[in-house]
Amino acid sequence: MPTVRHTVGPAEAGRTVKSLALKEMGLSRGLFSSLKFRGGITLDGAPVHADVRPAPGQVLCAQWEEAGGGFIPAPVDADFAIVYQDEAYFVLDKPAPLPTLSSPRQGGASLESALYARLGCPENYLFRPVNRLDKGTSGLLAAARDRNAQQRLQKLLHTEDFVREYLAVCRGCPPRDAGTVDLPIAKGAGVRREIRPDGRRAVTRYRLEAEKNGLCLLRLRLETGRTHQIRVHMAALGCPVLGDYLYGEKDPRLPGRFALHACRLAFTHPFTGRRIGFFSPLPHDLGALLEENE
């Protein structure tokens, strides 16, 4: 049962329980709202109202149940790396083609089931990804250990405090060596997405890293996070991601995946305020595409 305690200091006298819970204890607004109605916020062991102003030396406590997800995946041993972990977060390096999430309708391995196995099949397991990667995309992904940590980090998505960069091998090259794609994306038929004026704003920055044999290596940075954003934007530029069966064409050298890799993840830790960053190099099989293509 996650528990957060805070002893009120002399300099905090006069502040409300709500202010201390949100700013000093690191609770998300959503979690605080749900806890205050269920008596999950206590002061010296007794339920307390949000507008109470504790005295120095008193102890605020927030405690909640982490409900299981209902569907518990079968533990599966899969080859992935835990790049970083602390009391609140994991940073995981996902291979492709490994799905991020499990589904009761589909068996087999997923990052969710692989982490479950790696952690020793804990009770009330619930996988809480902060960002997600398509099955065919490899690379870095952040996941939280509990609801509060997930909500806190998700608030940073699409801000400068949460940076995601990708490397992509594309067929052809964009018209310029660097630029920004600002084209709205809407739902199309089935799982497809498409550029459409009534879509949601989507912004991708790109920079050419290498060009050889009719292919290019691009470094891409997301400013928004729409489904299939990079894949749709690169196809719109006339240089689809290699192996992308939805927006380009399959490549026999890339069974089950496409040449897209989440290479960099950096964020400001919501609880420590420390800036942390991680890098995952381009997988060898993707780098070799530039040399193999004729």
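Quick look at the values:
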quantity: Residue within the stretch 128-141 that is among the hydrophobic types (A, V, I, L, M, F, W, C) and in contact with a Phe, Trp or Tyr (Cβ under 7 Å, 6 or more places away or on another chain) present; calculated: yes
quantity: Subset of the stretch 140-165 that is outside the structural domain of S103 (by TED's automatic domain parsing) and part of a strand (DSSP E or B) - its residue that is farthest from the chain's Cα centre (by Cα); calculated: E165
quantity: Subset of the stretch 110-139 [assigned to a loop (DSSP other than H, G, I, E, B) and of a type in the set (S, T, Y)]; calculated: S110, Y125, T137
quantity: Pairs where the first residue, in the stretch 70-88, is at pLDDT 90 or above and the second is of a type in the set (K, R) and in a loop (DSSP other than H, G, I, E, B), C-beta under 6 Å, 6+ apart; calculated: A88/R145
quantity: Some residue of the stretch 270-278 being at pLDDT below 95 and on the phi > 0 side of the Ramachandran plot; calculated: yes
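One line per residue, one yes/no per condition, for (1) modelled with pLDDT of 85 or more; (2) within 32 Å of the chain's Cα centre (by Cα); (3) not assigned by TED's automatic domain parsing to the domain that holds A149:
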{"site": "A13", "(1), (2), (3)": "yes, no, yes"}
{"site": "S19", "(1), (2), (3)": "yes, yes, yes"}
{"site": "G30", "(1), (2), (3)": "no, yes, yes"}
{"site": "S34", "(1), (2), (3)": "no, yes, yes"}
{"site": "R38", "(1), (2), (3)": "no, yes, yes"}
{"site": "L43", "(1), (2), (3)": "yes, no, yes"}
{"site": "P47", "(1), (2), (3)": "yes, no, yes"}
{"site": "A55", "(1), (2), (3)": "yes, no, yes"}
{"site": "Q58", "(1), (2), (3)": "yes, no, yes"}
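The values are calculated or read from the model by the stated rules, or taken from the named source; none is laboratory data. The structure displayed is predicted, hence computed values, not measured ones. All Cβ positions, glycine included, derive from the backbone under ideal geometry; neighbour counts span all protein chains shown.
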